Amino acid sequence: MKKNTKLYPYFILFILSSFVLMLSCGQNEPKEEEPLVWTTGEDTSSQDNGSGGGDGQSTDEETEEETEEENDTQGDQSFVLPDIDLNNWKVTLPIGNNGKPTEVEPPEILDYATNETLLPFMYNDSIDGSLVFYTYPGVTTPNSSRSRTELREQMVPGSNSTNWTFGQGGTLKGVMAMEEISKDSDDKYHRTIIMQIHGRLTNEQRDLIGEDDNNAPPVLKIYWQNGIIRVKSKIVKDESTTGTALLYTDAWTDDDGFNFSQEVGFDKFTLEIKASEGRMEVILNDTESVVFDSPSMDKWGVFENYFKAGNYLQTTDEGAFAKVKIYELEVNH
């Protein structure tokens, strides 16, 4: 039989066309790995070139995240609250009615940041994390001629009746600074009391000596005075005095006082008071201390006591004022 050789070219062309078509279809099919590689939408050409520019989505997201982190960090640095638990403190202000200063006790004092009465005198400096106590000559307590914005310890919140003795002991530690204070006519800074231990008569003692109130002398007063810390304590006038006679205010007088050698000026400083049976110690900046352990300290054990801290301005000069900052305040018994 004779072969038809004229059909060979057409057959070969058909085979080649089919093969090319199959190759084209195979190249258009997606590879299995592609969805895993490109899900992030990264601009790999920029990364391969080592360029920091690039308009890829991933770069924009990272920049936004970094900006948010920076803003959060800046926010933390610019808003700091003082480390003070006010649950066991009341505050006395230089305002009031009929010669009686306004006092704010727990729980109201806890809302000092929004309390309209307290805001002019007791407020946060959220930049450096302090609680500012501002005062000026105004309404005074019955036993003083000078006004204050000062905290008074309350072992039972809202009550002045529960206090402590030196036999029971107590410590008060605070981080403080003088922000601003006025000067007198001689261009010298006024002074203010920033910490105290104040004595108190029990109700029985008060009735025994016929007093109208429970007031007793302060056994310790700590002053900011011309940039130094000055300490004064009470001593008994006659060391032979005992018993009920010790309860009278006029049985006591001030000692000569003590000045710490370190000058604090308007810088931040730490003060600590330690009271125990027959002994009292005041420590400045954890490096310098003064101890009171005379017979007067033994005799002081007859009284109850409470801590005070803040700004008790020691002048009635017109236009006088002071702003004391407290960053930390801690009491232990």
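The values are calculated or read from the model by the stated rules, or taken from the named source; none is laboratory data. All figures in this text were calculated on a predicted structure; none of them were measured in a lab. Here the Cβ is made from the backbone with ideal geometry for all residues, glycine too, and neighbour counts use every protein chain on show. Note: areas computed on protein heavy atoms with side chains; ligands, DNA, RNA excluded. Shrake-Rupley method; radii C 1.70, N 1.55, O 1.52, S 1.80 Å.
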**Asked** Taking the Cβ of Pro107 as the center, what net charge do the other residues with Cβ under 13 Å away carry, scoring Lys and Arg +1 and Asp and Glu -1?
**Response** -3
**Message:** Can you compute 3J(HN,Hα) from phi for each residue in segment 190-197, using the Karplus curve 6.51 cos²θ - 1.76 cosθ + 1.60 with θ = phi - 60°, rounded to whole Hz and x for Gly and Pro?
**Reply:** 5, 10, 8, 8, 10, 8, 8, 10
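Taking a ≥ b ≥ c as the square roots of the eigenvalues of the Cα gyration tensor of segment 243-328, is the shape rounded (a/c under 1.5), prolate (a/b larger than b/c) or oblate? Each step should come with its number before you reach the end.
Details: a/c = 2.18, a/b = 1.41, b/c = 1.55.
The shape class here is oblate.
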**Asked** What accessible area per residue comes out for segment 65-218, rounded to a whole number of Å², with a 1.4 Å probe?
**Response** 50 Å²
